[in-house]
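The structure appears right after this line, and notes come after that.
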Amino acid sequence: MCGNCLLQETAFICPMECPKGMRNGPCGGITPLKNCYVDETRKCIWYCIYKRAEKLGREEMLLEVIPPLDWEKVGTETWGEVIRQIQKVGTAKFLKDILSKDKDKKSKTWDSVFKIIRQPDWWQGDSDYHSPGYQEPVSELERHLQREEFVVATEVMPPLNANTNKLAKDIELVKPYVTAINFTDSSSARPRMSSIVCCKVAHDHNVEPVLQIAARDTTRTGLQADIIGINELGIFNVLCVTGDSAKVGPLPMSSMNLLDIDSVQMLWLLRRMRDEGIYLDGRKMKNPPKMFLGAATSPFASDPRLQAIKDHKKVNAGAQFFQTNLVFDADRLDPWLEQLDKRNILDKIYILIGIAPLKSFKVAEYLHTKVPGVNLPSNILSRMEKAGEDAPEEGTQIALELIESIKKKKGVNGIHIMSLGWESVVQRIVTDSELICK
């Protein structure tokens, strides 16, 4: 299917079985039964890969950043190329070294055949951490985080039409209380004004924007073209996300074919554009774009040990900050943070925890049952249901309680308030929680 078989790196389970075409780990949408949210009749193939890799002691092999498909090779076999590479190395030498008891020699010879095939010159993926190729912060968001301030970011809902008056009003409403504003990229696969346009409007209002790019609607060509121009629009923060499947979007359903590039690959590609000044095809650029790179993560999507593998991979690929999915149980963050700490990456990533003030029981129920990767404890659902007309106040109190529990945790550097269209509540949350902003 892919023309570049990865079975050695994925515990001998083919990742092409993933309906979203994820080649570098799972998305954040695994169901409570560990099934795929796109096709709930099937187990999440990446959960199966992780569990088998864990059983075989091959978890660390999952950290290697795998390249996007070379569509010229799709539908062709890999083994002819393997045989040709073995012949280059020397068939006798290959067999001798593979059968050797010397593990280092065996590994080196194995990689001289298989790694060269799965990591072409135009990609050169690995499993190592790559620190940013610059010293001074490139954005105000990065500057505040480097100063070890507890940062507050938020989202403003992109408009459904071509008029930006309400967008500008909402930006001004939250502006005094946050360090940066994120604009989603057609969340839930529902089209709205593009994130890049919203970021330009924010910049015009002297607000630090965070550009969100969903892999679902992005090709490798379009990604590079957009990124080359973002600094001219005052955009220096980029959040790479996979994006919700077209399944959760409106009818008629759009294509659910394989993604051209996933969020890990986006990070890898953008980091190399920034630090090495090269396009994917190897062309050099005189003036590379400046970027503070972020990624989304879903701490409760899987077992904390397994989730930490995917997050470690994103950090290695280039992520400098995380924005988490919505969190409604602060205590459940601890096992995940501990796993990141064990992997020695907490000092390499800034983490902003996603908080959503609930406006009604209907909103709470929708998030719990319809949004992949989000789970509300029964006590919070009960509180919202009992609150009745006072639900907005109860939802605000829940958010404040969560922030109080979260802000002292090791490894947490701020919160990301997802207002879900309720921008006016941001002032109350920041003021009552006595959070430092600006």
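The values are calculated or read from the model by the stated rules, or taken from the named source; none is laboratory data. Nothing here was measured: the structure is a model prediction, and the numbers come from that model. Glycine gets a Cβ as well: all are built from the backbone with ideal geometry, and neighbour counts include every protein chain shown. Protein only, heavy atoms only, side chains kept; ligands, DNA and RNA dropped before computing areas. Shrake-Rupley method; radii C 1.70, N 1.55, O 1.52, S 1.80 Å.
Tell me which residues, restricted to region 202-224, are part of a loop (DSSP other than H, G, I, E, B) and of a type outside the set (V, I, T).
Across region 202-224, the qualifying residues are H205, N206, E208.
Could you say which residue among A317, A301, A295 is of a type outside the set (D, E, K, R), modelled with pLDDT under 95 and within 15 Å of the chain's Cα centre (by Cα)?
Answer to the selection: A301.
Can V152 be described as assigned to a loop (DSSP other than H, G, I, E, B), touching a Phe, Trp or Tyr at 6+ places or on another chain (Cβ under 7 Å), modelled with pLDDT of 95 or more and within 20 Å of V238 (Cα to Cα)?
In short, no.
Considering each residue of region 38-91, count those that are open to solvent by 30 Å² or more (accessible area, probe 1.4 Å), of a type in the set (S, T, Y) and assigned to a helix (DSSP H, G or I), and give that number.
2
Kindly provide the set of residues from region 183-198 that are assigned to a helix (DSSP H, G or I), at pLDDT 95 or above and either open to solvent by less than 20 Å² (accessible area, probe 1.4 Å) or under 11 Å from A214 (Cβ atoms) (or both), ordered by number.
S195, C198
When only residues in region 412-438 that are open to solvent by 20 Å² or more (accessible area, probe 1.4 Å) and in contact with an Asp or Glu (Cβ under 7 Å, 6 or more places away or on another chain) count, which is farthest from P357 (Cα to Cα)?
I436
Only one of Y350, Y366 is touching a Phe, Trp or Tyr at 6+ places or on another chain (Cβ under 7 Å), hydroxyl-bearing (S, T, Y) and open to solvent by 20 Å² or more (accessible area, probe 1.4 Å); which?
The conditions single out Y350.
Do you know which of the residues in region 132-182 that are polar (S, T, N, Q) and free of Cβ contacts under 8 Å to residues at least 60 places away in the same chain is least open to solvent (accessible area, probe 1.4 Å)?
The residue in question is T164.
Restrict the check to region 320-335 and report whether at least one residue is free of Cβ contacts under 8 Å to residues at least 24 places away in the same chain and over 30 Å from Q397 (Cβ atoms).
There is no residue in region 320-335 that is free of Cβ contacts under 8 Å to residues at least 24 places away in the same chain and over 30 Å from Q397 (Cβ atoms).
May I ask you to list the residues in region 304-314 that are open to solvent by less than 20 Å² (accessible area, probe 1.4 Å), more than 10 Å from the chain's Cα centre (by Cα) and charged (D, E, K, R)?
Listed by number, the list holds a single entry, K313.
Taking the criterion of being buried (at least 19 other Cβ atoms within 10 Å of the Cβ) and at pLDDT below 95, would at least one residue in region 217-236 satisfy it?
yes
Which residue is surrounded by the most Cβ atoms within 10 Å (Cβ to Cβ), if the candidates are limited to region 250-279 and must be of a type in the set (V, I, T) and outside any loop (DSSP other than H, G, I, E, B)?
Across region 250-279, the extreme among qualifying residues is V264.
Check V201, V174 and return the single one that is touching a strand residue (DSSP E or B) at 6+ places or on another chain (Cβ under 7 Å) and modelled with pLDDT of 95 or more.
V174 is the lone residue from the list that is touching a strand residue (DSSP E or B) at 6+ places or on another chain (Cβ under 7 Å) and modelled with pLDDT of 95 or more.
Are there any helices (runs of 4 or more DSSP H) wholly within region 325-412 with 2 or more residues that are of a type in the set (V, I, T) and either more than 28 Å from C240 (Cα to Cα) or more than 20 Å from the chain's Cα centre (by Cα) (or both), and if so which?
In region 325-412, the matching helices (runs of 4 or more DSSP H) lie at 361-370, 391-406.
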